[in-house]
Amino acid sequence: MYQTLYRKYRPRFFRDVVGQEHVTETLKAAIREKRVPHAFLFSGPRGTGKTTTARILAKAISCERPVDGEPCGECSTCRRIEAWETMDILELDAASHRGIDEIRELKETLYLRPSTLPKKVYIIDEVHMLTPEAANALLKSLEEPPEHVLFVLATTDPEKVPLTLRSRLMHFAFRPVPPAATAARLEYVAREEGLELRPEARDLIASLAAGGLRDALALLDMAAAFAQGGPIEADHVRELAGTLSEQEGKELLAAVLEGELAALFARLEKLERQGKTAEQIVTYLLRLVKDILAHNLSSVEGSASKSEAAPFSRKPADPATLLTLAERLVQLLPSLRGSPYPFLVLQVRLLALAETLRSSSSAALPERRPSPSAGMAEGGKAGTSTDGGTSSASNVSGDGGGKVLPEGRKVSGNARKAGRVSPPGGTSGERTFLRESEDAEGLARLRESWKEVIEEVKRLSVRTSSWLKGGYPVWVGERSVVLAFRYPIHRKMVGEAEHREHILKVLRSFLGRPVEFVALEEGEWEKLREVDPVDLAVRLVGEDRVEVIEDEPDEA
Ligand SMILES: [Zn+2]
């Protein structure tokens, strides 16, 4: 009978549990000193070894000849437990048995002496799923348990375990298994199984598993089957890991539609880290857009409210915008296939697309306002547009998005122009990036004070400042700051939520306005800046949206 790798390599001893030494060492010490509490709470992400450790603990307290807190694995008791031949270890999955009746049943067995082991061990998984009555019934058992009983409650969500319950338990927090430890375990299992696992495939599995060893081994299992005896390649893993989760897809689409550049950038980076390919992302977005369109159409016909049907709370996704988006995504596919840097192309194009949607949405404002200059200064986000339909449509495909002047190097016809920051030296040499005016003076100030900025960040977090040190400001606009980083790891780390928050706080207070920042690798920035602005605009938003106007001689 085929045994899954996860089962086959399930740790039998504390020393084999990967990445949870802070738990296993403490448990071993308690067993050595014979001071084992009667009730534990094991919390932590799925697949990190909570129930496995519970079973090892049951074995260790029952073992006839424990060695340094570890079960011996050889005595008849150890063997009986490993062969699942004892009635004294009871496992209950609270996710599927969450009611009061199950807990009552369990309590009835509580006072019966164990049949073969010194103690009865109750392992209750996903304990936070118990109903309040069931949790309350369990609490009474925990308050005064019989001497011969050991409880191990496990949960992925300790915050949801009632405090009254938690306070009776000795709490151990399992951590996500570090990628390096996961990779080492994969390497070990592959060697034992005679599988040829390529390093890129191994690292990709470790990163996809996101700290869950069970998921990592399941993925290795599938990849091995997929490779059919040949070497396991990263492509096999990608194929299996498949596409985006529904949640990831919706968040990404929302960021595009609402023009949330920073959020979009962060989400794309996360997907890249997970090993998703640019093509998978675009294909998924297309399918999602198609589903929403179909859903909207059917609910319109069924006379239901359109905004109810839309998956986004802030903005009803209007059909015209969605169609434009779908069209752009279709155009994007061939350029991904032809590019040596498909992910970079995807990032830049999606950012530009998001920016286009945001611009065209705010450009629609004057149509509803008698005075075109009123209320255009700043802050026109796509999310504030509530008219789903024709006005956005005409602006997305029309000329509302701006014209590029090659000589003066500025974008006109953009509603947001009114709010741009004018550099003190006038507008000559002004460059635009993602349809935003440059703040050359701001950049100069930021560069000059970069050390102080880092010091300021350091006051908030030493770790954040150490990542930020790897970068420097290369561009400042009204709403964005572009930072270039020499090493990918620094660029990635500053994108993590906690670091990003610290950096934004300092940048915003320094510049005195609500900017976002975009982190690029030096190479990416070089690629973006070296192209001619017209060329860049064409590349970013597509030829049909860029209109080149000859500069008038008398314009400053
Ligand atoms: Zn033993």
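Readers should treat all values here as calculations from the given coordinates under stated rules, not as data from a laboratory. All of these numbers come straight from a predicted model, not from anything done at the bench. In this analysis, Cβ positions are derived from the backbone assuming ideal geometry, glycine residues included, and neighbour counts consider all displayed protein chains.
State whether the stretch 179-241 is rounded, prolate or oblate according to the following rule on the C-alpha gyration tensor (a ≥ b ≥ c being the square roots of its eigenvalues): a/c under 1.5 gives rounded; otherwise a/b larger than b/c gives prolate, and the remaining case gives oblate.
Note, shape of the stretch 179-241 comes out oblate.
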>> Under 5 Å between amide hydrogens, which residues at least 5 positions from residue 92 or on another chain qualify, with H placed 1.01 Å from N in the peptide plane?
In response: 123, 124, 125
> Taking the DSSP beta bridges in the stretch 5-173 as the whole, what percent of them are antiparallel, to the nearest 5?
Replying inline: 5
>> Can you classify the stretch 128-224 as rounded, prolate or oblate using the Cα gyration tensor, where a ≥ b ≥ c are the square roots of its eigenvalues, rounded means a/c under 1.5, and otherwise it's prolate if a/b beats b/c and oblate if not?
In response: prolate
> Quick one: putting +1 on the C-beta of Lys and Arg, -1 on the C-beta of Asp and Glu, what dipole do you get for the stretch 139-248 around its Cα centre, in Debye to the nearest 20?
Replying inline: 420
> Order of 104-116, 39-51 by packing, highest average Cβ count within 10 Å first?
Replying inline: 39-51, 104-116
> Out of residues 5 or more away from residue 481 or on other chains, whose amide H comes under 5 Å of its own, with H placed 1.01 Å from N in the peptide plane?
Replying inline: 516, 517, 518
> Can you list the HN-Hα couplings for the stretch 78-87, worked out from phi with the Karplus curve (6.51, -1.76, 1.60; θ = phi - 60°), rounded to whole Hz and with x for Gly and Pro?
Replying inline: 4, 5, 4, 5, 5, 8, 6, 9, 9, 8
> Going by a ≥ b ≥ c, the root eigenvalues of the Cα gyration tensor, does the stretch 5-173 fall in the rounded group (a/c under 1.5), the prolate group (a/b larger than b/c) or the oblate group?
Replying inline: prolate
> Between residue 82 and residue 32, what length in nm is gained on full extension when 0.36 nm per residue of separation is reduced by their alpha carbon distance?
Replying inline: 15.9 nm
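Between residue 279 and residue 111, what FRET efficiency follows from the Cβ-Cβ distance if R0 is 60 Å, with the result rounded to 0.05? Present the calculation step by step, with values, prior to reporting the outcome.
On the way: r = 61 Å, r/R0 = 1.02.
It comes out at approximately 0.45.
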> Among the listed pairs 107/140; 34/119; 59/160; 469/492; 8/28; 250/270, which are separated by more than 18 Å between their Cα atoms?
Replying inline: 59/160; 8/28
